[in-house]
Amino acid sequence: MKEFSFNHLSFSFTTGEPVLTDLTASFAPRAVHLLTGPSGSGKSTILKLIAGLLPKYGGQITAGNLTVPEGSRSGMLFQDPVMQFALDTPRHELEFTLENCQVPRGQMKGQIATALSFARVTPLADRKITTLSGGQQQRVALAAVVAMKPTILLLDEPFANVDSANRQLILNQLAQLNRKNKTTIIITDHECFGYQELHPQVWQLRDHHLHALTPKEGNELLRHADQQEAAPIRVTMPSKDEQAIVDFTDLTIRQGDSVLLTPTNLHLVKNKTTLLTGANGVGKSTLLKALARLLPYDGQINFQGTDIQKISPGKYFRDVGLIFQHANDQFLNVTVGEELALSRQHGHNPFFTRARLQQALSDLQLNGREDQVVYSLSGGQKKKLQLLLMLMMGQQLLLLDEPFTGLDSQSLATILQLIRESRQVLPLTIVVVSHQLSGIEDFVDYHLVMQNQQLSYQRN
Amino acid sequence: MNPSLKLFLILFISLEITFTSKLWANIIIILVALALLAVHHFSWRQFCWLIAIPFLPAMALFITISFFSPDRDWFYGWVLVSRIYGYVSLGTLFTATTSQLALARSLEQNCHLPSKYAYGVLAAFNLVPRIRQSINTIYMAARMRGVTLHWWSPTLYFKAILAAIQWSDQLAQAMESHGFVEGQVRSFATVITISKKDWLLLGGIILAVQFLVIALP
Amino acid sequence: MAKHQLHLRDIILLALIGIVFGVVYFAAGFVYNGLTVLLSPIGYGPMANDITIGIWCMAGPLAGFLFRLPGSAFLGEFLGATVEMFLGDQWGAATLISGFVQGIGTELGFTVTFYKIYNWLTIVMTTVMTTLVTFAWDWFKNGYSHFSGQMIIILLIVRFISVFIFSGILVKLIANLLQRAHVIKG
């Protein structure tokens, strides 16, 4: 059996800069491969090229080529769990999948039962997919692709919305699939913990190039990742006499049928930075969205002593802002210049004088891009612009949902410095959800951890 | 009854009552539809909705025709009211007794509708909660920037369509990675047939409706 | 990119746009009811229908501008109606027929510009065609034939203005934004 090999391949989307340049790599069949690298580096482009989804769905191969072994059948799991189903229930989705593969009707029932039980979703077979958690949805997706009996399984950041129990379950099943069926498995992930059992070939995507690590280097990286996950950040507990800006009273959050947060009483300290961490899928984003009145909850949330449901939206969002995880959600206009103009018009942060704004733009390397369409910026540029736009608004409380994704350490330092300077002019309370902890240790005052449906301050 | 035939029948009757003005035929059609809904365990609440929703437009037409039109035609006013309730009860009967999947499968197998239409539309339905959420997010994101959006704001639709474009891309790729290929032959998990009984029922009901329309005022 | 037919991705997008408009219509439904209550006592109750019709016809022209393919305006409107029927729209089968009729009207507007012109002229043509075709349908469906001549003319003018504002100006503004964001080719 031949390999999946990229030969000096360059790929770019029609609008922007090249995603991959002169990529050469061979993926050995029957092995497990782990592709790591910062987000936006082109990992999913590699998977979609192998799956044949690119360039069919956009972009073009500008040089070189890709060879795929004859007779290989690929199945793919995507990053956004809910965006991969055509039908309403797991059973219907599996029927749809097998119909596509022209499996005769007589064999369907057995194959569906096998696939459902492999992914441990038999009890969920007739539930509505939209009511399942991210982890459960990803298991259903696994059942669907396994039913197709693929020779190569591609997983594109599959655990981004998956809790740790489901992550472990899926990793175990993947190991089994690779051992018993000799399925080639390629996973992209920007976090590398929990992979040691799979003994993957580790690849790093840096500067448009893919580097294969030696087994020793790979093991080192995976072991390091496992340890880092447990490393705590140095913080203290908030003391009683500090002023609260937000109070939770019996706050309870549900998603579908599962409880994310059991009744919680807690407060957030005014004009400080509180870091919120927890495993994937535990409900950190959901908590921020509840605070921003984007999702329903039970119990009460008070902002400066008033129930937030009793504050008019116009008034509430003058005081509270959310930096969305997906930067595109933040933008309202078309070009960078229009976005800046909007924040200048409605913003009331006195820090941002015309001169300081110009300085900030050039520090963030966003100057001279006024006419560029915001949606065509790179991931990191979008994040920087998004933060700047919301800082200009001058809210008292900013909720930051993964604001540092795709930022290099230089940009991160610049943005943190900007926030510090702005804070000296206009005090600001920050709640930040971030996977990335390196570089922000000094920025954080308090640390909230969400686990086992509970929320608690850390101390060390 | 076969979903495709049922859809055809509902559309046929709806069209027929549009181009005829027979009060009693309309009333009998409504009563039969309501009776069938009752058999299908339609709840009282749902019945109330069914009556409440078209009430205003029906009354508006009735008042205009009966009091303000040149011939003050009360009979025609009642015809229009019954026609509106006819549409609504027939439509509700169809949606309450037919699952989207059954209709899609029937249209694919019995009417040879290309599968990309049948399953493309079904896939979009899964995103209804997501779309509601997303529209809410757009309103709130605007508030955070000091902008109040309304349902007539171009920005609202612009943002929603940008999201929809991204989702359609993701969904189409996901369906393809579940083996879907446009125009390729598919097997069927559930074979949907049109039985002789279906045809007889269709013919019988259409004949009965003609009888009602011709015989009654 | 030369495209001659709609692919799976386009069909999903058309249905999604139908849902987007469906969700927004639902919120705008009170406008219709409010107008009906206000206008009925003076004998112009049906005018609520003509005032708001432009709102229900937005998906079609938008799809026409988005895809620039024969049939896309019709499908946009018709798929939108199909989606609404299952979203729990109580008008049921009538929605489907209305969607069919509105779709044909809008499509004709693009047909008379030979699917080559996509500017304000196209907007005027789709407005004229949508107004005429939907008015003809209401002539039968809602008994417009029984109204006085004066009222018929007023309703026709009101309908034209409504379609022009919502399915014309608003759709063009949305299309302009999409064009500037390079989603539609310029």
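The values are calculated or read from the model by the stated rules, or taken from the named source; none is laboratory data. Quick caveat: nothing in here was measured; it's all calculated off a predicted structure. Using ideal geometry, Cβ is built from the backbone for each residue, glycine included, and neighbour counts are taken over all protein chains shown. The area values use the complete protein model at the heavy-atom level, side chains included, leaving out ligands, DNA and RNA. Shrake-Rupley method; radii C 1.70, N 1.55, O 1.52, S 1.80 Å.
Pairs A:K284/A:K383; B:K159/C:K172; A:K289/A:K315; A:K289/B:K159; A:K315/A:K383: which are spaced more than 23 Å apart, C-alpha to C-alpha?
Those over the limit are A:K315/A:K383.
Could you tell me which of rounded, prolate or oblate describes segment B:121-217, using a ≥ b ≥ c as the square roots of the eigenvalues of the alpha-carbon gyration tensor, with rounded for a/c under 1.5 and, failing that, prolate when a/b is larger than b/c and oblate otherwise?
Oblate, since a/c reaches 1.5 and b/c is not below a/b.
Over its Cα atoms, what ratio of radius of gyration to 2.2 N^0.38 Å does segment B:115-177 give?
Working it through for segment B:115-177, the quotient is 1.31.
Give a residue-ordered list of calculated ³J(HN,Hα) values for segment C:150-158 (Karplus: 6.51 cos²θ - 1.76 cosθ + 1.60, θ = phi - 60°; whole Hz; x for Gly, Pro).
With the stated coefficients, segment C:150-158 comes to 4, 5, 4, 5, 4, 4, 5, 5, 4 Hz.
Take the residue pairs A:K216/A:K384; A:K43/C:K116; A:K109/A:K182 and return only those whose Cα atoms are more than 31 Å apart.
Exceeds cut-off: A:K216/A:K384; A:K43/C:K116.
Straight-line reach from B:K196: which lysines have Cα under 20 Å away, leaving out those fewer than 8 places along the same chain?
Excluding near neighbours in sequence, the set is B:K6.
How many percent of all Cα-Cα pairs in segment A:244-458 sit more than 30 Å apart?
Percent of Cα pairs beyond 30 Å in segment A:244-458: 21.
Can you give the mean number of other chain Cβ atoms that lie within 10 Å of the Cβ atoms in peptide A:94-106?
Rounded to a whole number, the mean comes out at 6.
Once C and B are treated as a pair rather than alone, how much accessible area drops out, both sides summed, in Å² to 100, probe 1.4 Å?
In total, chains C and B hide about 5700 Å² from solvent.
Show me you know the interface measure: the accessible area buried between B and A, both chains summed, probe 1.4 Å, in Å² to the nearest 100.
Chain pair B/A: roughly 4500 Å² of buried accessible area.
Tell me, what is the percent relative contact order of chain B, built from C-alpha pairs under 8 Å that lie six or more residues apart?
33
If you build a Gaussian network model of chain C, linking Cα atoms that sit under 10 Å apart, which residue out of C:I53, C:I42, C:I153 swings the most?
Comparing C:I53, C:I42, C:I153 in a Gaussian network model of chain C, the most mobile one is C:I42.
Mind listing the Cα extents of the protein assembly as shown along all three principal axes, in Å, largest one first?
Sorted from largest, the Cα extents of the protein assembly as shown read 89, 66, 54 Å.
Could you name the aspartates and glutamates in cross-link range of A:K310, using Cα to Cα under 15 Å and dropping any fewer than eight places away on the same chain?
List returned: A:D247, A:D298, A:D319.
Rounded, prolate or oblate: which fits chain B when a ≥ b ≥ c are the square roots of the eigenvalues of the alpha-carbon gyration tensor, with rounded for a/c under 1.5 and prolate only if a/b beats b/c?
Oblate.
What aspartates and glutamates sit close enough to A:K128 to cross-link, taking a C-alpha to C-alpha distance under 19 Å and skipping anything fewer than 8 places away on the same chain?
Cα-Cα hits under 19 Å: A:D80, A:D88, A:E93, A:E95, A:D257.
With Kirkwood's inverse mean 1/r over C-alpha pairs for Rh, give me the Rg to Rh ratio of segment B:1-89, two decimals please.
For segment B:1-89, the value is 1.02.
Compute log10 of I(q)/I(0) for segment A:4-230 with the Debye formula, placing one identical point scatterer on every Cα and leaving out solvent, at q = 0.08 Å⁻¹, to two decimals.
These q points yield log10 I(q)/I(0) values of -0.29.
Mind checking the mean number of beta-carbon atoms from other chains within 10 Å of the Cβ atoms in B:63-73?
What the average comes to for B:63-73 is 6.
Where both residues lie in chain A, what percent of DSSP beta bridges are antiparallel, nearest 5?
Here the antiparallel bridges make up roughly 50 percent for chain A.
Mind listing which trypsin sites (Lys or Arg not before Pro) in segment A:261-311 are in a DSSP loop and have 16 or fewer other Cβ atoms within 10 Å?
A:K270
Out of all DSSP beta bridges with both ends in segment A:244-458, state the antiparallel percent to the nearest 5.
DSSP beta bridges in segment A:244-458 are roughly 55 percent antiparallel.
Test of understanding: express the Cα radius of gyration of segment A:74-132 as a ratio to 2.2 N^0.38 Å, with N the residue count.
Relative to the 2.2 N^0.38 Å estimate, segment A:74-132 comes out at 1.10.
What is chain C by shape, rounded, prolate or oblate, if you read a ≥ b ≥ c off the alpha carbon gyration tensor as root eigenvalues and call it rounded for a/c under 1.5, prolate for a/b larger than b/c, and oblate otherwise?
It comes out prolate by the Cα gyration axes.
Where does each of B:166-173, C:13-20, B:194-201, B:17-24 land if you order them by average Cβ count within 10 Å, highest first?
Result, highest mean first: C:13-20, B:166-173, B:17-24, B:194-201.
Quick one: longest stretch of chain C between exposed loop trypsin sites (Lys or Arg not before Pro), exposed meaning at most 16 other C-beta atoms within 10 Å and loop per DSSP?
C:117-184
About the Cα centre of the protein assembly as shown, what is the dipole size in debye to 20, counting +1 per Lys and Arg Cβ and -1 per Asp and Glu Cβ, all else neutral?
Computed about the Cα centre, the dipole is about 620 debye.
Any idea which of B:L149, B:Q173, B:A123 is furthest toward the positive side of the dipole for segment B:115-177, if Lys and Arg beta-carbons carry +1 and Asp and Glu beta-carbons -1?
B:L149
Through the Karplus equation 6.51 cos²θ - 1.76 cosθ + 1.60, θ set to phi - 60°, convert the phi angles of segment C:51-63 into ³J(HN,Hα) values in whole Hz; use x for Gly and Pro.
5, 9, 4, x, 5, 6, 9, 6, 4, x, x, 4, 4
Hey, what did chain A get for relative contact order, percent, Cα under 8 Å, at least 6 apart?
Value for chain A: 16 percent.
Is there a simple number for the mean count of other chain Cβ atoms within 10 Å of the Cβ of residues in A:73-85, and what is it?
5
Please sort A:213-222, C:99-108, A:181-190, A:448-457 by packing, taking for each peptide the average over its residues of neighbouring beta carbons within 10 angstrom, highest first.
Ranking the peptides A:213-222, C:99-108, A:181-190, A:448-457 by packing returns C:99-108, A:181-190, A:448-457, A:213-222.
Send over a whole-number figure in Å² for the accessible area per residue of the protein assembly as shown, probe 1.4 Å.
I get 41 Å² per residue for this part.
Based on the alpha-carbon gyration tensor of segment A:338-451, what equivalent-ellipsoid semi-axes (square roots of 5 times the eigenvalues) come out, in whole Å, largest first?
Equivalent ellipsoid semi-axes, largest first: 23, 17, 13 Å.
Ratio to report: Rg/Rh of chain A, with Cα atoms as the point set and Rh obtained by the Kirkwood method; give two decimals.
With Rh from the inverse mean 1/r over Cα pairs, Rg/Rh is 0.98.
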